[in-house]
Structures are given as C-alpha cells and as structure tokens.
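Participant: Mind looking over this structure? Questions follow.
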Amino acid sequence: MLLKVEGLHAGYGLTRVLSGLSFAVQAGSVVAVLGPNGAGKSTLLRAVSGMRVPVAGRILVEGEDLTGCAEHRFVRAGVVHCPEGRRMFPYMSAEANVRIGGFTRSDRQQLDRDVDDFFDRWDAISERRRTAAGQLSGGQQQLVALGRALMARPRLLLLDEPSLGLAPVAVQQMYGALRELAAQRQSILLVEQNARHALALADQVLVLVGGEIVHAGPTSEVSAEDVAGMYFKSPGEGAAA
Amino acid sequence: MTTFLQQVINGLGAGGQYALWAVGYGLVYQILGLMHFAHGDTLIFATFVIFALLTGGVPFPIALVLGMAVGALIAMGIEKFVYRPLVGRNQLLLAFVGALGAAYILRNVVTLIWGVQTKVFPYEFLSNSLLHVGGLRIPVLALVNIGCAVAVIVAFEVFLSRSRSGQSVVAVAQDRGAAALMGIKVGKVVALVYGLSAVVGVLGSVLYVAQSRSLDVALGFDITLKAFIAAIIGGIGSIRGALIGGLTLGVVEALIQGYISTLMLNALLFGILIVFLLALPNGFIGRREAVRL
C-alpha cells in the first residue's frame, strides 16, 4: 500500500482537529478528501507530509513508518505536498520555483529537461517563466505550484485546494492538468471544496466532517449532492451510511 | 577638492569593512526575520582568538581560518540554542532580548580571558604603505578592503543565484514552511547562513583591526551598529545593498569627521539611520512587497 494512515489524531495546541482517522491510498489511484470548512482536510494533508506531528496514530509510506518525521523525510519517500494558498517563493522566478521543487533530485540534467518540458507544455506560463512568481496571476501561480511539486517526482502527490480562489477558466485549466496526471497513473490525495470537480477526477472519496471520516468509498457511488448532504450529519450516524 | 577626495577614499576603505559586516547581518535578518544583535560580539570574540593565535606564533592564514571557524561555531550555537527555540515559539521580541544577552555573555567571556585592556594587534602581515596618486594618499589597505568587499559580494551573488544550496537559502528566506516542503532541511540552511555571516564578518573585523592596530572588546557593539546602519541604508537582506550601504556609510562617516565634527559622528549617524527608517525603510535597493493575489 502506497499510503496507510492508522488511527490518526492531530490538532493545534489543545484543539483536537482529527480524531482517529484510518484510510489508505493505493498506488495509481486518486483519492478525494471532501468536507466542509474546518473539517480538518488541510490538517490531514499537513500530518501526512510531516508539517504537523500527529498526537497519535501511524503514517506508513510503502510500509515505512514515517510518523513524527520531518518534511524532508516525506519528500525523500516520495510524498510531496502542494500546499494551500500555493505558497510561492514570491521573489524567485517562476522557473526557479519549479526547479527548486526538484531539490532532492540528483539527476540535475534530467531535472533541467523536465523544467523545460513543463513550461513547454503550459502556454499560460511559458512566456512568464522569468517573472517573479509573486507577480503571476492566481491561476498561473497554481500551475507553477503544481509543476514545482511534480519536479520532485512524487509517488504520492498531496494537493490542497488547487481550485481555491481561481477564475473559472483557471479552474478548468487546473483540472485539465490533473486529468492528464491521473491518466498517467499519478497517485493523488486531493483535498477540495469543489465536490463536483473532485468527484469527476477521483476514484475514491473520503468525506470528512468534524475531524472524522463519515463516508469512504468509490466515487461512482456518490454524487456531489450526496456529499453535501453528509456535511449536516453528525459524525456518529455518518459512520453507518 | 583634494581634501574632499581624500576623505572619500578613506571612507571607501572603511566602507569595505562595513559592507562585509552588513552582508552577513542582512542575510541572517532575512533568514529568520531577526535582528542578530550578537553579530559584532561574535566577530570580536573570533578576532581575539586570532589575536591570541598570532601572538602565539601561528601563521596568519591559519590563524584567520581558525578564527573564522570559531566565529562560525559561535554564531551557529547562538542560533541553535537561543534564537531557534524562541523563534519557534513565535517569540521574536524575546529572541531579540536573547540576542542582546548572548552579546553581553560573549563580551564578558572575552574580558575574562583577555582582560579589559586594549590590545595592540600584530599587523605586519598586511602592508601599511601608501600609494601617492596626484596629491592623494591611498592606503594599500583601503584597496584591500574594497577588493575583499567586492569579491565577497560577487561570490555571494553567484552562490545564491546559481548553486543548489544557494537557492535553498533564498527559498528559506522567502518562505520557510514552503521550503521545508521542497525537502530542504531548513535547520541546516539557517545554520549555514549564520556560519557564513560570521566567516565573512571576521574577514571584515580582521581588516579593521589591521588598520587601527588596536583591538578592544567595545568594538563588538560598534560592529553590530555599523552593520545594522549599513544594512538599512542599502536595503536589508539585499546582497548588493550591503555593499552600497557599507560604502555609503563609510564615505558619510569620513565626510562628517572631515567637515563637521568627530564628536558629532554618532549623533549624525543615528540621525541618518532614523531618517532612513522613517522615509526609506527599504533602503536604496531593498525590494517592496511582491504583489500577492
């Protein structure tokens, strides 16, 4: 199993955000994590990338226990987090942002080629590769953030709200890119508010409400309306659904 | 006119040293967002070590390298054991107080080991001769100062923009959390920057005492202040700004001493600092905030 999370508890100070999550991500699959604001979706990704040390539980990547490890251990194990809000290095060029995504790689020449390929593929940013990333539009920044994460050659890509705050056309472009990745069997754990887009892309869905998983299963079995309905259930009854 | 040019030349010579202090100071400011007020005392401690080695008969290049290593170790120790825990708890103001505390401890250790008396620094290793150009006297040491400053600034620029570890420094300075997600070991990068700031700064302080020939523990706080003022004038965190700020500070200082009054020097310098903080907080070439969407 690519990623296995067992009984994960996490939070901030005295605030418990996640209470006992268990799930797994198979290699080559796309798993969407849906849920209302404050459900703990971002905290989940932070725990799975080492940004936040869990209070309890275990995180296994390809069977290796990485619970409590720092971010660089997760990156080297192939778990790469493309964070909420894009988190550009604002004064570095778009190109330098993408290239530093491959920081842990030792094949420098292949990395150069991969950076070129990425910009050749996306007209929307190819002309702006020397522009400071802080001056790009939201959609352009999100593409750069995606390219930066891909340069690490992730075995599992963690994506936090890739459509957040983007114009509709930029959302289409982003999901076009994600569909291409999914077709190449890139494993993705995707956190989204936009249930419709996420369900169309993913194979499996986890619905998170109040820090607990209230639904887990294939995306073919649920619609965006079903998911929205789950947001209003209390966690206890959700488990039976 | 000759007097004026002579003052400018003297100022540029001193400014080279200020640039060497400011470049490290600016870098460490950027990397943790913290005023490193133990910078000067770290450098003076290391300079005393070099003084002791030289007096003990150790050849200059070896003494210099050992002194730089001591300075780097102290800087990294202060970062790791004083700044990092406090910054980690988001206690920037306490970290600043910690910096002042570390500075005083270093100063006291220096006086415990070497006493309070001003030391005569053995200067034979650098030429103290003058070049005569027209009616001007150009100290060879001033040329060495400026040459060192320019060489160090160029090396820093190339290191930061071209090399992989340089880019990791830039990334950590701009967004520590995002840098960690790239697989960068942030703690190591911060330690590297503190170490480098001391290595470059020690070069500046050795050039300084080689010129004045006297080594005094009180120099430490002077260095911190000059690094601070030069970094603010140039634009804190900018490498080229450190050079411009350092040279500007040197020239302004020389002109004040030559034309106004040596007694007024510090008052006027701090006046200039306040003007910059109020009117030009980004200095000459510090950058503005990037557009964020």
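Participant: Please list, or write none, the aspartates and glutamates whose alpha carbon is within less than 19 Å of the alpha carbon of B:Lys119, excluding same-chain residues fewer than 8 places away.
Facilitator: Within the straight-line limit of under 19 Å, B:Lys119 reaches these aspartates and glutamates: B:Asp41, B:Asp216, B:Asp222.
Participant: Take B:Ile232, B:Ile285, A:Ile188 and order them by how many other Cβ atoms sit within 10 Å, fewest up front.
Facilitator: B:Ile285, A:Ile188, B:Ile232
Participant: Within 10 Å of each Cβ of A:88-98, how many other protein chain Cβ atoms are there on average?
Facilitator: 4
Participant: Could you tell me which GluC sites (Glu not before Pro) in segment A:82-175 are loop residues by DSSP with no more than 11 other beta carbons within 10 angstrom of their beta carbon? If you can, show how the numbers build up before the last one.
Facilitator: Details: sites: A:Glu84, A:Glu95, A:Glu127; in loops: A:Glu84, A:Glu127.
Answer by residue number: A:Glu127.
Participant: Could you work out the relative contact order of segment A:12-101, using alpha carbon pairs under 8 angstrom and six or more residues apart, expressed as a whole percent? Display every interim value, and only then the final one.
Facilitator: Numbers: 52 pairs, mean separation 16.2, N = 90.
Reported relative contact order: 18 percent.
Participant: Can you sort A:Trp122, B:Trp21 so the residue with the fewest Cβ neighbours within 10 Å comes first? Show your work: numbers first, answer last.
Facilitator: Working: A:Trp122 18, B:Trp21 33.
By the 10 Å Cβ count, ascending: A:Trp122, B:Trp21.
Participant: When a footprinting reagent is the concern and you count Cβ atoms within 10 Å, what order do A:Met174, B:Met68, B:Met182 take, fewest first? List each step's numbers first, then the result.
Facilitator: Working: A:Met174 20, B:Met68 23, B:Met182 28.
If I rank by nearby Cβ atoms, fewest first, I get A:Met174, B:Met68, B:Met182.
Participant: What's the longest uninterrupted piece of chain B once you rule out the GluC sites (Glu not before Pro) that are loop residues per DSSP with at most 14 other Cβ within 10 Å? Each step should come with its number before you reach the end.
Facilitator: Numbers: sites that count: B:Glu124, B:Glu289.
That would be B:125-288.
Participant: For helix A:138-150, report the angle its Cα long axis makes with the longest principal axis of the Cα atoms of chain A; keep it between 0 and 90° and round to the nearest 10°.
Facilitator: The answer is roughly 90 degrees.
Participant: Please compute, for peptide B:172-180, the average count of beta-carbon atoms on other protein chains lying within 10 Å of each residue's beta-carbon.
Facilitator: Averaged over the peptide's residues, the number is 6.
Participant: Compute the acute angle (0 to 90°) between the alpha-carbon long axis of helix B:39-55 and the principal axis of greatest extent of the alpha-carbon atoms of chain B; round to the nearest 10°.
Facilitator: 50
Participant: For segment B:213-255 and segment B:65-108, write down the distance between their C-alpha centroids in whole Å.
Facilitator: One Cα centre to the other: 20 Å.
Participant: Right, next: Enter the mean number of other protein chain beta carbons within 10 Å of the beta carbon of each residue in A:72-79, as an integer. The partial results should precede the final answer.
Facilitator: On the way: counts 10, 2, 3, 5, 1, 0, 0, 0.
The per-residue average across the peptide is 3.
Participant: Related question: What are the lysines whose alpha-carbon lies under 17 Å from the alpha-carbon of A:Lys4, with same-chain residues fewer than 8 places away excluded?
Facilitator: A:Lys41
Participant: Restrict the search to segment B:230-291; then list the trypsin sites (Lys or Arg not before Pro) that DSSP places in a loop and that have at most 13 other Cβ atoms within 10 Å of their Cβ.
Facilitator: B:Arg288
Participant: Count neighbours as other Cβ atoms within 10 Å of each site's Cβ, and list the chymotrypsin sites (Phe, Trp or Tyr not before Pro) in segment A:146-241 that are DSSP loop with at most 16 such neighbours.
Facilitator: For chymotrypsin sites (Phe, Trp or Tyr not before Pro) across segment A:146-241 that sit outside H, G, I, E and B with at most 16 neighbouring Cβ atoms in 10 Å, the list reads A:Phe232.
Participant: Enumerate the lysines that B:Lys185 could reach by cross-link, defined here as Cα to Cα under 24 Å, with residues fewer than 8 away along the same chain left out.
Facilitator: Filter leaves B:Lys80.
Participant: Let me ask something else about it. Can you give me the angle between helix B:2-32 and the longest principal axis of chain B, using Cα atoms only, in degrees from 0 to 90, rounded to the nearest 10?
Facilitator: Orientation of helix B:2-32: about 20 degrees from the principal axis.
We did not get these values from a lab; they are worked out from the coordinates using the rules stated. Since we're looking at a predicted model, the values are computed, not measured. Please note: Cβ atoms are built from the backbone with ideal geometry, for glycine as well, and neighbour counts cover all protein chains shown.
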